[in-house]
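**Student:** Starting off with a structure, shown below.
The values are calculated or read from the model by the stated rules, or taken from the named source; none is laboratory data. These numbers were taken from a predicted model, which means no experiment stands behind them. All Cβ positions, even for glycine, are placed from backbone atoms using ideal geometry, and neighbour counts span all protein chains on display.
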């Protein structure tokens, strides 16, 4: 298992500036060419240059190229000094297959803006936990033109704007105030790390959990797995995303909110629901790996996710 504590300072990337070169890579599933092109045009209109990973347009079954091709794109993006930021094309499935191939030392020596969500949670968890750097839970390239508000918020955050430092979830499940390092991501990916050396560390963390198109009973099953693995015992607080599409069938009365309320009815820490990062509207870009405060439904960053200029 990864170590739970470390006194090493968090590595923070430099803010992106107009004209910077951004790499677009596909660590997971195969990418729709039209959606990728539309997203790239959006980034270019925002004033950045774009370099596509060699595998971004590849297909190997349901993956964007072979594992070697995809991890090479990731390593090349971190190693190239001209590339200032890395945006992922989409999630889907496949980035978890890269974890045992990741060059953690290379990533540690070259901290850069890295943005993704969904299946990219696997890689982001390594960046936050093993590299001890910041990773941004935000919109991916193939959806940028369809989510202009989310895209603008993401570009603002990685460009140094403080506009996204204060956010609010939709409702409070358990009241309270807590501080801790932001961690988390897609629930199904987090659960898939349990029992591996890449298992997420939750002790003392503000844990963010979101997912998409999972029925309430499946969310219940995954939260139960986390609880039985001890991962919900010592968190500082928990925030849920919108849980977009996590609806029951027509003959089922239980909602995903019901599941969350039941799972955390005896929690001694604050729990909030409906922070719009990731699947759904995705308007919040959440910098994982930085200290924040959760007070009721309100989340505030306590430090910059970017290196001081």
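**Student:** Return the only residue of 55, 14, 77, 29 being farther than 24 Å from residue 194 by Cα, under 20 Å from the mean Cα position of the chain (by Cα) and surrounded by 20 or more Cβ atoms within 10 Å (Cβ to Cβ).
**Tutor:** Being farther than 24 Å from residue 194 by Cα, under 20 Å from the mean Cα position of the chain (by Cα) and surrounded by 20 or more Cβ atoms within 10 Å (Cβ to Cβ) holds for just one of 55, 14, 77, 29, which is 77.
**Student:** Using the structure shown, decide if residue 130 is surrounded by fewer than 24 Cβ atoms within 10 Å (Cβ to Cβ), touching a helix residue (DSSP H, G or I) at 6+ places or on another chain (Cβ under 8 Å) and in contact (Cβ under 8 Å) with a residue 40 or more places away in the chain.
**Tutor:** yes
**Student:** Let me ask you something else. Give 61, 85 a once-over and let me know the one that is touching a helix residue (DSSP H, G or I) at 6+ places or on another chain (Cβ under 9 Å), at pLDDT 95 or above and closer than 25 Å to residue 279 by Cβ.
**Tutor:** The conditions single out 85.
**Student:** From 266, 233, 251, grab the single residue that is surrounded by fewer than 16 Cβ atoms within 10 Å (Cβ to Cβ) and modelled with pLDDT under 95.
**Tutor:** Being surrounded by fewer than 16 Cβ atoms within 10 Å (Cβ to Cβ) and modelled with pLDDT under 95 holds for just one of 266, 233, 251, which is 251.
**Student:** Does region 60-97 hold any residues that are within 20 Å of residue 212 (Cα to Cα) and either free of Cβ contacts under 8 Å to residues at least 40 places away in the same chain or not assigned by TED's automatic domain parsing to the domain that holds residue 136 (or both), and which are they?
**Tutor:** Once the filter is applied, which keeps residues that are within 20 Å of residue 212 (Cα to Cα) and either free of Cβ contacts under 8 Å to residues at least 40 places away in the same chain or not assigned by TED's automatic domain parsing to the domain that holds residue 136 (or both), region 60-97 yields 62, 63.
**Student:** I want to confirm something. Restricting to region 139-181 and keeping residues that are in contact with a helix residue (DSSP H, G or I) (Cβ under 8 Å, 6 or more places away or on another chain), touching a residue at least 40 places away in the same chain (Cβ under 8 Å) and in a loop (DSSP other than H, G, I, E, B), which single residue is nearest to residue 33 (Cα to Cα)?
**Tutor:** The selected residue is 140.
**Student:** Still on this structure, please answer the following. Condition first: more than 20 Å from residue 153 (Cβ to Cβ) and surrounded by fewer than 14 Cβ atoms within 10 Å (Cβ to Cβ). Now tell me which residues in region 33-52 satisfy that.
**Tutor:** 33, 34
**Student:** Another one. Criterion first (at negative phi, outside any loop (DSSP other than H, G, I, E, B) and crowded, with 17+ Cβ neighbours inside 10 Å) does residue 220 satisfy it?
**Tutor:** So residue 220 fits the description; yes.
**Student:** Could you please find all residues in region 15-33 being out of contact with any helix residue (DSSP H, G or I) (no Cβ under 9 Å at 6 or more places or on another chain) and either free of Cβ contacts under 8 Å to residues at least 40 places away in the same chain or farther than 15 Å from residue 77 by Cβ (or both)?
**Tutor:** Answer for region 15-33, where residues must be out of contact with any helix residue (DSSP H, G or I) (no Cβ under 9 Å at 6 or more places or on another chain) and either free of Cβ contacts under 8 Å to residues at least 40 places away in the same chain or farther than 15 Å from residue 77 by Cβ (or both): 17, 18, 19, 30, 33.
**Student:** Quick check: is even one residue across region 64-81 closer than 24 Å to residue 185 by Cβ and assigned to a strand (DSSP E or B)?
**Tutor:** Within region 64-81, none of the residues are closer than 24 Å to residue 185 by Cβ and assigned to a strand (DSSP E or B).
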